[in-house]
Every structure is written in structure tokens, then in C-alpha cells.
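Participant: Here's a structure for you.
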Amino acid sequence: MTDLFQAAGLTPEAPRPLADRLRPQSLDEVVGQDHLLGPAGPIRRMAEAHRLSSMILWGPPGTGKTTIARLLAKAAGYEFQQLSAVFSGVADLKKAFETARGRRAAGQATLLFVDEIHRFNRAQQDGFLPFVEEGTVTLVGATTENPSFELNGALLSRCQVYVLKRLDDAALEALLAKAEAFEKRVLPLTPESRAALVAMADGDGRYVLTLAETLFNIAAAEPLTTAELASVLQKRSPAYDKDREEHYNLISALHKSVRGSDPDAALYWLARMLAGGEDPLFIARRLVRMASEDIGEADPTSLILAIAAKDAYDFLGSPEGELALAQVCVHMAAAPKSVAVYKAFGAASKMAKETGSLIPPAHIRNAPTRLMKDLGYGKGYQYDPDTEEGFSGQDYFPDGVERRAFYAPKGEGAEARVKERLDRWAAMRRRTP
């Protein structure tokens with residue numbers, strides 16, 4: 001009688017994916033993480049000392065988190081026990097801790113590997129604390145999300161966080177070479193299409209081996225061109241989660257590229273966000289903010305153009321409207337920069353909070369009634385456009401408050417002319433009795 005696993009074809013003799021068959025058998029075989037596993041790497045040092053600390057492995061998919069945890073337990077002589085936060089609950093955790101406690105009593109240490117640990121809620125994460133503290137288990141959690149946002153501070157304080165890097169082209173090439181040696185044949189690719197295959201993998205080692213397995217299976221008679229490769233392999237969307245850290249990383253990169261006057265980098269990050277499925281109107285709103293925050297009066301047209309780009313996208317939609325966003329990105333990156341208005345508004349806001357509810361001086365208060373005029377509202381006010389130089393020099397701050405200078409124009413771009421006028425008016429104000 002067959003069991004469910006045999007019925008599903010999951011017997012030990014069943015075919016396994018190439019990525020699983022090529023899984024490294026020692027830490028030396030793991031590629032792309034030399035900063036952690038090299039001779040001076042912290043994880044390597046722990047393995048060689050046979051004493052492990054609890055840790056969080058944070059990195060993109062396909063960078064070796066599960067493999068490293070398994071090999072680390074093997075190298076240090078720990079019993080490896082694995083849970084997935086997707087499929088496990090409180091009962092599974094209790095059972096794992098009880099099993100680990102029994103091993104500990106027999107002198108055997110346990111490495112408890114928890115995949116997707118960020119999917120456990122806060123209460124479940126708190127449940128790890130006493131068992132990690134007393135050494136019942138050495139916890140190794142794996143996550144693709146920023147631990148600072150997704151894990152309890154109490155749990156983080158008991159773990160080292162190690163960042164795994166996305167695999168570079170050299171590491172992906174090493175995996176392809178390993179696959180070819182295992183299969184005893186070369187991939188049916190031209191040099192150009194091989195480079196395209198590596199680019200498709202986007203730093204994911206598991207995915208590049210999955211693509212390679214597909215190519216081995218089709219057994220092409222001739223090397224595939226880049227166009228033929230694209231027709232055989234459907235390129236996946238780039239890693240981009242619109243409500244998590246990658247979203248904020250990319251918009252930050254776009255903002256800083258514009259602020260740093262680099263139109264080429266700004267276009268790249270804009271294209272990355274659009275390719276990842278970001279809402280173009282979210283980008284448009286951030287561009288409007290950049291126009292006021294980073295450019296200001298150095299180029300006032302940037303704000304007008306940013307609003308116009310948002311309206312153009314509203315009118316045209318994708319993909320036509322995306323060009324308007326690209327245009328304003330280039331304009332703003334190439335524009336002179338000034339944060340004088342941004343700083344001035346911050347300083348004025350601070351003073352407004354400090355001075356409370358002081359009312360305007362009497363001479364600039366509105367006086368629509370006879371009583372208000374009798375109380376001196378509007379008395380002595382000078383209408384600036386009627387003065388000889390179009391400037392009266394009157395004080396507009398509340399009575400009893402010393403005048404402050406918030407806005408200090410940098411003198412860049414259009415703001416240079418603004419600075420010239422303000423300097424002239426300041427001199428006239430000093431001469432006003």
C-alpha cells in the first residue's frame with residue numbers, strides 16, 4: 001500500500017530539482033558570501049570554534065540562507081531542526097522546544113532554523129526569548145525583510161544580524177559552471193545570451209539554476225541567441241515590494257540622485273521603480289516634494305513642471321505619461337539646488353510654536369468696522385506699492401518680538417536675483433526709523 005508521498009511521486013528516488021541536487025555540502029562550497037564565510041568571516045569563525053550564537057540571516061531570495069544554516073549546524077556538531085513560520089504555529093514551537101530540551105539533557109545542542117521568521121507575530125516571537133536565553137536552542141532565523149521593522153526589539157537584542165548579499169555575476173557564473181560539470185554538458189547559449197541569462201537571475205542563485213535546468217531539458221541543437229532565450233524563458237518581475245523596505249530604498253535612491261544633480265542615476269531609479277510596478281502617481285507626488293524641498297527658489301519652475309508632469313500622467317496614463325515623469329526628473333536633477341525655503345519654513349514653524357498666540361501688530365490688522373478703526377487697527381499702515389521704491393520697511397512681526405531672519409537664499413540660479421533684492425531691502429529696513 002502506497003502512502004500519500006509515494007502517490008505524489010515524492011519517494012527518495014523521485015527526481016529532484018537541479019538546485020536541490022547541487023546544494024553545497026560544506027561552507028566552502030557556498031558562493032557569494034565571503035564576507036561571512038571567508039577565513040575572517042564571523043560565521044566561519046563560529047563554525048570552526050564549534051560554538052554558535054543565535055543569529056538572523058537577512059538577505060534576498062536565493063542567496064543561501066537555508067543552506068548556510070544547515071551547513072553551520074553540521075560544521076559545529078549541532079542537531080539541525082527546521083521550522084517554517086508560514087506553516088508552523090504555537091504547538092509546533094512548543095514541540096520543537098521540548099525536543100531541544102531533551103537533546104540538551106543528553107548533551108546534544110540544537111540549532112533551530114526558522115525560515116521566514118518575520119511571519120511570526122509579536123507574541124510568537126516573544127515565545128522564543130526564554131529558550132534562546134537559557135540556551136535550549138541556538139536560533140537561526142531567515143528573513144527577506146528588514147529585521148528592524150519586522151522583528152521584536154527583544155528578540156533582536158539576543159541575536160546577531162548578518163546581511164547576505166545578492167549574488168554577483170561571478171557567483172552566478174560559478175553556479176552555472178557547477179551545473180554544467182554536474183550535467184556533463186554545456187548550456188546551449190552564445191556568450192551574449194549567457195550574459196542575458198545571468199541578468200535574468202537578478203542575483204538569485206536558486207533561480208539561475210532553475211533557468212539552467214530548463215535549458216538543459218529543452219536540449220537545443222544550436223546555441224540560443226538572446227532573442228531565442230527570451231522566448232524560451234519568461235523573465236520574472238524584478239524584486240520589488242511596494243509596501244516594504246525595497247519600496248523605501250528605491251524612492252530614497254531616486255530622491256538622493258535628483259538632490260545630487262545626477263540625471264542619469266535619477267532616470268535609472270525611476271525606471272527601476274516603474275518596472276517593479278510602483279504607482280507612477282506616488283513617484284509624481286515625491287517629485288513635487290523634491291521640487292520644493294531641494295530646489296526651491298533656485299529654480300521655481302521645477303515645482304510648476306512637477307505639477308505639470310503629474311497632470312500629464314493623469315491625462316495620458318502608462319506608458320505614455322511616464323515620459324513626463326522622466327522629463328521632470330532630468331530637469332530637477334540638472335537644476336540648481338537650494339534648501340533655503342525648506343530651512344526657513346522649519347525655523348519659522350519652530351518660532352510659531354514658541355511664541356504661541358501672539359496677534360499681529362495693530363498697523364497690519366484688518367479694520368472692516370468703525371470700532372476696529374477706533375482701536376487703532378490699520379493705523380499707520382503704509383501701502384508698499386505706493387512708496388517711492390515700492391518698499392516701506394515696516395515691521396510685520398508681532399509687537400514685542402525681535403525680528404528674525406529665517407530665509408537665507410543661497411544665491412544659486414534664480415535665487416541669486418532674490419538674494420540681491422532681499423539684501424537691498426534689508427539695508428533699507430535698517431535705515432527706516
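The values are calculated or read from the model by the stated rules, or taken from the named source; none is laboratory data. All of these numbers come straight from a predicted model, not from anything done at the bench. FYI the Cβ positions are ideal-geometry reconstructions off the backbone, even for glycines, and counts take in every protein chain you see. For the accessible areas, the whole protein counts, side chains as well, though only heavy atoms, and no ligand, DNA or RNA atoms are used. Shrake-Rupley method; radii C 1.70, N 1.55, O 1.52, S 1.80 Å.
Participant: So which GluC sites (Glu not before Pro) in the stretch 82-155 are both in a DSSP loop and have at most 12 other Cβ atoms within 10 Å of their Cβ? Walk me through the intermediate numbers first.
Facilitator: Working: sites: Glu98, Glu116, Glu133, Glu134, Glu145, Glu150; in loops: Glu116, Glu134, Glu145.
Loop-located and lightly packed - Glu134.
Participant: Specify the inter-centroid distance of the stretch 181-233 and the stretch 106-158, based on alpha-carbon positions, in whole Å.
Facilitator: 38 Å
Participant: Multiply the residue gap between Phe315 and Thr214 by 0.36 nm, knock off their C-alpha separation, and tell me the result in nm, one decimal place.
Facilitator: On the way: separation 101, 0.36 × 101 = 36.36 nm, distance 4.27 nm.
Roughly 32.1 nm would be gained on extension.
Participant: If I model a spin label at Leu156 and Asp374 as a point 7 Å from the Cα along the Cα→Cβ vector, what separation in nanometres do I get?
Facilitator: So the two model labels end up 6.6 nm from each other.
Participant: Between the helical axis of 65-76 and the dominant principal axis of the chain, each derived from Cα atoms, what acute angle in degrees is found, rounded to the nearest 10?
Facilitator: That works out to roughly 50 degrees.
Participant: Only residues of the stretch 172-213 count here: report those whose backbone N is under 15 Å from the spot 7 Å along Cα→Cβ of Gln234, or say none.
Facilitator: Only 211 fall inside the zone, counting backbone N under 15 Å.
Participant: Related question: What area, in nm² and to one decimal, does the C-alpha convex hull of the stretch 85-138 cast on average over all directions?
Facilitator: Details: hull surface 13.7 nm².
Mean projected area of the Cα convex hull: 3.4 nm².
Participant: Take the chain, mark every one of the chymotrypsin sites (Phe, Trp or Tyr not before Pro) that falls in a DSSP loop and has at most 13 other Cβ within 10 Å, then report the longest stretch left between them, sites excluded.
Facilitator: Numbers: sites that count: Phe87, Tyr383, Tyr396.
Of all site-free stretches, the longest is 88-382.
Participant: Just to verify a number: FRET efficiency for Glu134 and His50, C-beta to C-beta distance, R0 = 25 Å, to 0.05?
Facilitator: Details: r = 20 Å, r/R0 = 0.79.
Plugging the Cβ-Cβ distance into 1/(1 + (r/R0)^6) gives 0.80.
Participant: Moving on. Which percent of the accessible heavy-atom area of the chain goes to carbon and sulfur, probe 1.4 angstrom?
Facilitator: The C+S portion of the solvent-accessible surface of the chain is 55 percent.
Participant: To test your reading of the geometry: what angle, between 0 and 90 degrees and rounded to tens, separates the Cα axis of helix 245-259 from the longest principal axis of the chain?
Facilitator: The angle comes out near 40 degrees.
Participant: On to the next question. Where in the stretch 316-408 are there trypsin sites (Lys or Arg not before Pro) that are in a DSSP coil and have at most 13 other Cβ atoms within 10 angstrom of their Cβ?
Facilitator: Sparse-neighbourhood loop trypsin sites (Lys or Arg not before Pro): Lys379, Arg403, Arg404.
Participant: For the stretch 255-284 and the stretch 13-57, compute the distance between their C-alpha centroids and round to whole Å.
Facilitator: 36 Å
Participant: Let me ask something additional. Please work out the average accessible area per residue across the chain, using the 1.4 Å probe convention, and give it in Å². Provide the component values of the computation, followed by the final result.
Facilitator: Details: 24180 Å² over 433 residues.
With all protein chains present, the chain gives 56 Å² per residue.
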